[in-house]
Amino acid sequence: RTHILRIQNQIMLASATCTAFIETSAQCAQRRSSQFYASSSSSLASSSLASSSSSRVRRLYGFPSRHDLSTLALRNTITSRHHRHHRGIPTMAASKRPKKQRENIYTQPDIGTTPYQMKDDLPAVGPEFDLSQKEQPQPYFGAKKQSQEKIIDMSPEMFDKLINIFRTKDEEEWIGLLASSEKWYDLCDGLFARIEERVEKVDEDPTVKNRDEEELLLARLLRKLKETHARCTNYRDLVLELLEKDDDVLEGFVPLRRGEFTSEFFGYLTHKIESANETKDLEMTTNLARIASRVLGIVEQFDEASRDQQLLDNAAENFQELLKVETVQDMDSKINELASTGKLDPALMLTAAKAYMSVKESPYVEEEVKDVMVHLYSKMRDTVGRQQPKEVRILKLVLSVDDPIEQRNMLEQAFTPGPELENVDGNEDMLWCTPENMLQTIEVILEAREQSVLKTSLGGDAARMMAPEIIERMKGLKNLIQDQFV
């Protein structure tokens with residue numbers, strides 16, 4: 001019975017499909033015939049005849065009408081699924097049936113407004129624009145700057161302008177010109193070649209009146225420029241080497257190469273700091289200022305200790321006594337003894353720094369000896385640091401913080417009276433001071449700095465190259481203490 005019902009359903013669906021095909025053919029014929037006005041009546045007649053004939057066929061054979069096709073299809077589908085389920089025949093899920101894709105009328109071209117274009121037609125060509133003149137978008141915050149190739153003018157006219165500049169400037173100003181220029185090392189070879197060319201062709205220059213004098217002046221300029229260039233190259237390499245050194249090695253490195261740290265070197269370093277500050281390179285400005293002040297301080301200590309040969313001899317003897325101890329504990333006790341008697345002076349620190357640097361950088365020294373020297377030098381530096389006034393030690397700690405709120409909290413803790421303890425947790429000291437003493441210490445440092453700026457000695461250079469940010473922080477701390485703690 002189920003088989004017979006399925007066959008009947010298929011026959012009904014096939015007849016309905018035939019009927020729909022007949023109607024579709026009649027409609028197509030009607031649209032084609034409507035193009036000719038003369039035959040419109042005959043086409044309408046044939047369309048009605050086809051419709052009436054299809055109705056007679058459906059009534060004659062007892063087939064359902066077009067109105068009942070959807071209901072019949074749904075009933076047959078449910079019946080077929082019911083019998084398939086009881087007979088164990090798998091059925092297709094509705095979601096897996098392929099769906100007919102509808103055409104989206106909103107994505108179709110607008111036939112009424114868009115002009116028709118043949119396939120062989122060429123596309124329309126608009127006006128040409130110079131994209132190089134287009135304004136580039138501003139970089140977003142945090143975006144890395146794209147590296148741009150340096151465009152350097154290497155023409156003879158440009159080199160002639162540089163020659164005139166160097167001839168009008170004093171030789172003392174050449175160091176500043178070379179230190180401040182970012183393109184000097186790209187231009188120097190071309191400039192030297194241009195001067196040599198002008199020396200060789202001085203007889204062919206019609207603008208020169210005294211050719212012998214001009215030749216001598218150009219030759220002297222070339223020789224002096226090459227000498228200044230060589231010195232600036234050495235200063236540049238020395239600055240790079242200082243930036244790579246650790247702070248604990250500088251105290252031994254600077255005395256060993258004291259002859260290279262001349263006044264001209266510090267003048268070169270001053271121009272480098274000013275150039276970095278003008279280009280808004282904050283990191284380089286801070287590093288150069290830190291190195292400059294640190295090296296100048298070591299140079300002054302070394303020069304002061306070198307004036308008294310007896311002081312250097314005593315420092316060497318004390319250092320030999322430190323090396324004769326048998327244990328690390330005895331070494332620490334000896335250092336504390338020297339500090340209590342006032343013998344842990346800058347001369348002894350410079351002697352220890354030299355020995356520490358030579359041992360640390362030597363590949364032939366055993367690791368045990370290096371460890372002993374590291375402990376010895378670190379202990380001596382810690383002991384010397386504890387000999388500083390407690391206001392200075394607290395001020396250094398507060399200045400190392402950037403956040404103003406955290407600075408205020410640290411000052412509030414430092415101005416709170418309490419017990420003073422040393423070596424808390426191994427490497428910390430608990431200190432406190434009064435706001436008046438801290439304010440007095442800041443005022444003394446700022447006044448000494450302003451007076452040193454006016455000097456022409458190395459101390460004046462150190463004061464002038466002191467990081468401007470540290471000075472501003474110190475002035476800010478002074479105002480903060482005056483407003484809220486005094």
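The values are calculated or read from the model by the stated rules, or taken from the named source; none is laboratory data. Treat the numbers as computed from the prediction; the structure is a model and nothing was measured. We place every Cβ from the backbone using ideal geometry, glycine too, and count neighbours over all the protein chains shown. Heads up: the accessible areas ignore ligands, DNA and RNA and are worked out on the full protein's heavy atoms, side chains in. Shrake-Rupley method; radii C 1.70, N 1.55, O 1.52, S 1.80 Å.
Here are a few things to note about the model shown:
- Amide hydrogen proximity for Trp432: with H placed 1.01 Å from N in the peptide plane, no residue at 5 or more positions away or on another chain lies under 5 Å.
- Net charge dipole, the range 153-235: roughly 220 debye, given to the nearest 20, about the Cα centre with Cβ charges of +1 for Lys and Arg and -1 for Asp and Glu.
- Sorted from longest to shortest, the spans of the Cα atoms of the range 176-269 along the three principal axes equal 62, 23, 17 Å.
- Ranking Ser333, Val392, Val299 by Cα position along the charge dipole of the range 267-404, where only Lys, Arg, Asp and Glu carry charges on their C-beta atoms, puts Val392 farthest toward the positive end.
- Rounded to whole numbers, the Karplus 3J(HN,Hα) couplings from phi for the range 301-309 are 5, 5, 5, 5, 6, 6, 5, 10, 5 Hz, using 6.51 cos²θ - 1.76 cosθ + 1.60 with θ = phi - 60°, and x at Gly and Pro.
- Cross-linked pairs Lys245/Lys379; Lys161/Lys226; Lys161/Lys201; Lys245/Lys390; Lys272/Lys379: Cα-Cα separations exceed 27 Å for Lys245/Lys390; Lys272/Lys379.
- In the assembled protein chains, Tyr235 presents an accessible area of approximately 20 Å² (probe radius 1.4 Å).
- Exposure rank, largest accessible area first [Asp308, Asp203, Asp248; 1.4 Å]: Asp203, Asp308, Asp248
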